[in-house]
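Taking it in order: structure first as structure tokens, then the write-up.
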Amino acid sequence: MTAPLRKTLRKHALALVTLLALAAAPFLGFGDGFALGLLARAMILGMAAVSLSLLVGGAGLVSLGHAATMGIGAYTVVAFDAAGISEGLIVFPAAITAAAAYALLTGAVSLRTSGVHFIMITLAFGQMAFFTTSSFSSLGGDDGYTLYARTEWLGTRILDSRLTFHFLCLSLLALVWVGGSLLLGSRFGRVLRAARENPQRALAVGFQPYPYRLVAYVMAGAVGGLAGALLANATEFVSPALLSWTRSGELLFMVILGGVGQLGGAILGALAIVLLEESLSHLLVYWRLVFGPLLVLSVLFLPDGLVGAPLRLRAAFRFASPKRRNADA
Amino acid sequence: MSMLLVQALNGLQFGVLLFLVAAGLSLVFGVMDLINLAHGVQYMLGAYVAATLGVWTGSFWLGALLALPVALLVGLALEWLVFRHLYRRDHLSQVLATFGVILTVEEATRALWGSAPQTVLEPSGLSGGPLGGVEIVAGLIYPTYRLVIIGVGIVVPLLLWFLVERTRAGMLVRAGATHPAMVSALGVDIRRLFTIVFAFGAMLAGFAGALASPIFPVAPGMGDTVLILCFVVIVIGGVGSIRGAFIAALLVGLLDSVGRAMLPDLLRLLLDPSSARQTGAALASMLVYIVMAAILFFRPAGLFPGGRSA
């Protein structure tokens, strides 16, 4: 194995192991409908979280309205369903385009601001989307809408098989992750990171951050739309709650819990949170009494997230044996 | 016409409540550079405590009065437990940790009080009896209690202005907002100052909740709506500016109330009644956010840019 490849593998080890575990899960006793449904939800939310991580970790843009893109994707599926169209080749591109268009419109305004203002204005746009969907009375309004059937592909009902759906979600998640990582490593990604670290310097070198950020924002929105379309298929039910600001907060939490430094962290974070929520809500009625404090504690004590936790541990060990640290360096 | 007047008064009164919450939020942000999503929780707790103690003591006013120290204590406790450790962290961590606080406190409220809205005593001496309403225009009776809230909304901002602009403590708060390190170097215990400002903001929000309890449903999640509108208020008004928060709060309150009442009727001129009602309601909910986006588009720092650039 060549050295750069080994380095890449080691850097992404945790995310790779997670993806492999997800691939193996159906054959290791998690193949029943309930478990697959849960994992599908985790992977779909993971996809949205990876796209948000691209913004937060890559471009330094903390969006508190990312759930809106997911909601728009899901509502596109629902709107086509209500019109009697469920062909995936129409529905999925439409969902992605709609979410990307929303991101383009809102991003063009939001990206003029920065810092706290950006957080607030994305939150405000998210709320606008939320109220819009709850006013669609033909699509159920506040009560939501139950899909007649999952999306078809060329007339076949291939998504009805839970196993197929599982692997579809998994491969799309892997695709989004690899694509996002390549993007961040490219020249485009370097401009984003430079603008995050020091906007003035990026400007001085001749890069106007705005168009780069807008493109990243639209891409993240498109992925959010894809995740939303998948989520509508996974749950076969869509309601405005999907766009609520707490959902956006949850997505942010997935990114942070996983670790902002790496896109793969978001996958881990999403999985951890979906599973934690599910198990806690089975054990306790008022499960958020445990979940909330855990959230606070993780922010206070795990600043690098789960991905960073092993590195922290290792750093602690290396500190204990300075010889090895020198050898590695 | 009288309908418009009533809606305008309702809007003012809602704006006043928003200001009470937003003022604390803005102070905390201006002085400690802390985004506190959990500020709405204080508002909710204020309403719950006022409702419960009101029923318990048999007087709404006593309950509302007792809610103040309770909100203050909860604010102190939360500051000591969580927020104190967030001052030096980035905004992202602050958003998340305070989000965790919201989940926890709202769930605790649900566990303690249940999910159903609480019963709240009528403010005695005002709503029920001969003092129930005041004839503001010939033939138009407006509830006195709502006028009392508007009155509070005139007194509290004046007091706040006096506190911040004319007292020593206020001077320290203003100084701490712009040059915290310098103030600390001059021998002021900046941590204590932070704690006091935080607890004071929490108390204001609790007070707003207590005032709101007879007119809005007291239920879990009541803080969220207000919190998000308060962020709109702060962003429109300019982060850290109390004056901006006041004007923006009234603007948002008025827009929201009048929009909800008028938009469906206005749209009826263009659309058929049922779709006018539907679009009107949706547009009314969005109105404040649209205005906010428009204001930020032209003035990214808000109407009255405050001391600290965000």
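The values are calculated or read from the model by the stated rules, or taken from the named source; none is laboratory data. As the structure is a computational prediction, the values presented were derived from the model and not from experiment. Ideal geometry is used to build each Cβ from the backbone, glycine not excepted, and the neighbour counts take in all protein chains shown.
When the test is whether a residue is more than 13 Å from every other protein chain (Cβ to nearest Cβ) and in a loop (DSSP other than H, G, I, E, B), B:Leu270 passes it. In region A:265-287 there is no residue that is part of a helix (DSSP H, G or I), among the aromatic types (Phe, Trp, Tyr) and in contact with a Leu (Cβ under 9 Å, 6 or more places away or on another chain).
Scanning region B:83-106 for residues being out of contact with any Ser or Thr (no Cβ under 7 Å at 6 or more places or on another chain), in contact (Cβ under 8 Å) with a residue 24 or more places away in the chain and facing chain A (nearest Cβ under 9 Å) gives a total of 9.
Does B:Phe60 meet the test of being more than 30 Å from B:Asp265 (Cα to Cα), among the aromatic types (Phe, Trp, Tyr) and in contact with a Pro (Cβ under 6 Å, 6 or more places away or on another chain)? Criteria met by B:Phe60. Scanning region A:80-139 for residues that are within 14 Å of chain B (Cβ to nearest Cβ), polar (S, T, N, Q) and farther than 21 Å from A:Ala48 by Cβ returns A:Thr113, A:Ser114, A:Ser135, A:Ser137, A:Ser138.
Here A:Tyr148 clears all of (1) more than 9 Å from chain B (Cβ to nearest Cβ); (2) in a helix (DSSP H, G or I) except the condition numbered (2). Taken together, B:Leu12, B:Leu45 contain a single residue that is assigned to a helix (DSSP H, G or I), over 23 Å from B:Glu107 (Cβ atoms) and at pLDDT 85 or above, which is B:Leu12. For the residues A:Phe30, A:Phe34, the requirement of being of a type in the set (Phe, Trp, Tyr) and under 17 Å from A:Ile267 (Cβ atoms) singles out A:Phe30.
It is to be established whether one or more residues within region B:279-301 are farther than 30 Å from A:Gly115 by Cα, within 11 Å of another protein chain (Cβ to nearest Cβ) and among the small types (Gly, Ala, Ser). Checking region B:279-301: at least one residue is farther than 30 Å from A:Gly115 by Cα, within 11 Å of another protein chain (Cβ to nearest Cβ) and among the small types (Gly, Ala, Ser). Condition (residue is assigned to a helix (DSSP H, G or I), touching a residue at least 40 places away in the same chain (Cβ under 8 Å), under 26 Å from A:Pro293 (Cβ atoms) and hydrophobic (A, V, I, L, M, F, W, C)) applied to region B:52-66: is it met by at least one residue? No, that holds for no residue.
For region B:178-227, a residue qualifies if it is assigned to a helix (DSSP H, G or I), under 20 Å from the mean Cα position of the chain (by Cα) and hydroxyl-bearing (Ser, Thr, Tyr), and the qualifying residues are B:Thr195, B:Thr225. The one condition from (1) more than 14 Å from every other protein chain (Cβ to nearest Cβ); (2) touching a helix residue (DSSP H, G or I) at 6+ places or on another chain (Cβ under 6 Å); (3) surrounded by fewer than 17 Cβ atoms within 10 Å (Cβ to Cβ) that B:Leu211 does not meet is (3). Just one residue in the set A:Val307, A:Val296, A:Val290, A:Val260 is within 14 Å of chain B (Cβ to nearest Cβ) and at pLDDT below 85; that residue is A:Val260. When A:Arg247, A:Arg193 are screened for being under 15 Å from the mean Cα position of the chain (by Cα) and basic (Lys, Arg), only A:Arg247 passes. If you take the residues in region B:214-239 that are among the small types (Gly, Ala, Ser) and closer than 23 Å to B:Val155 by Cα, which one is surrounded by the most Cβ atoms within 10 Å (Cβ to Cβ)? Here the residue is B:Gly237. In this structure, A:Thr151 does not satisfy being under 20 Å from A:Ala227 (Cβ atoms), out of contact with any helix residue (DSSP H, G or I) (no Cβ under 8 Å at 6 or more places or on another chain) and surrounded by 13 or more Cβ atoms within 10 Å (Cβ to Cβ).
Have a look at B:Val41, B:Val70, B:Val49, B:Val28 and point out the one that is within 14 Å of chain A (Cβ to nearest Cβ), within 20 Å of B:Trp113 (Cα to Cα) and touching a helix residue (DSSP H, G or I) at 6+ places or on another chain (Cβ under 6 Å).
On the way: B:Val70 fails: within 14 Å of chain A (Cβ to nearest Cβ); B:Val49 fails: within 14 Å of chain A (Cβ to nearest Cβ); B:Val28 fails: within 20 Å of B:Trp113 (Cα to Cα).
Within the list B:Val41, B:Val70, B:Val49, B:Val28, the selection yields B:Val41.
Restricting the search to helices (runs of 4 or more DSSP H) fully inside region A:1-103 and requiring at least 3 residues that are modelled with pLDDT of 90 or more and in contact with a strand residue (DSSP E or B) (Cβ under 9 Å, 6 or more places away or on another chain) gives A:67-82. Answer yes or no: is there a residue in region A:229-238 that is acidic (Asp, Glu), out of contact with any strand residue (DSSP E or B) (no Cβ under 9 Å at 6 or more places or on another chain) and at pLDDT below 90. Within region A:229-238, not a single residue is acidic (Asp, Glu), out of contact with any strand residue (DSSP E or B) (no Cβ under 9 Å at 6 or more places or on another chain) and at pLDDT below 90. Consider B:Ala284 carefully, then state whether it is part of a helix (DSSP H, G or I) and without any contact (Cβ under 8 Å) to a residue 40 or more places away in the chain. Against the criterion (part of a helix (DSSP H, G or I) and without any contact (Cβ under 8 Å) to a residue 40 or more places away in the chain), B:Ala284 qualifies.
Within region B:107-150, the only residue that satisfies the criterion of being modelled with pLDDT under 85, acidic (Asp, Glu) and surrounded by 11 or more Cβ atoms within 10 Å (Cβ to Cβ) is B:Glu122. Only residues that are touching a Gly at 6+ places or on another chain (Cβ under 7 Å) and part of a helix (DSSP H, G or I) were counted in region B:103-127, giving 4.
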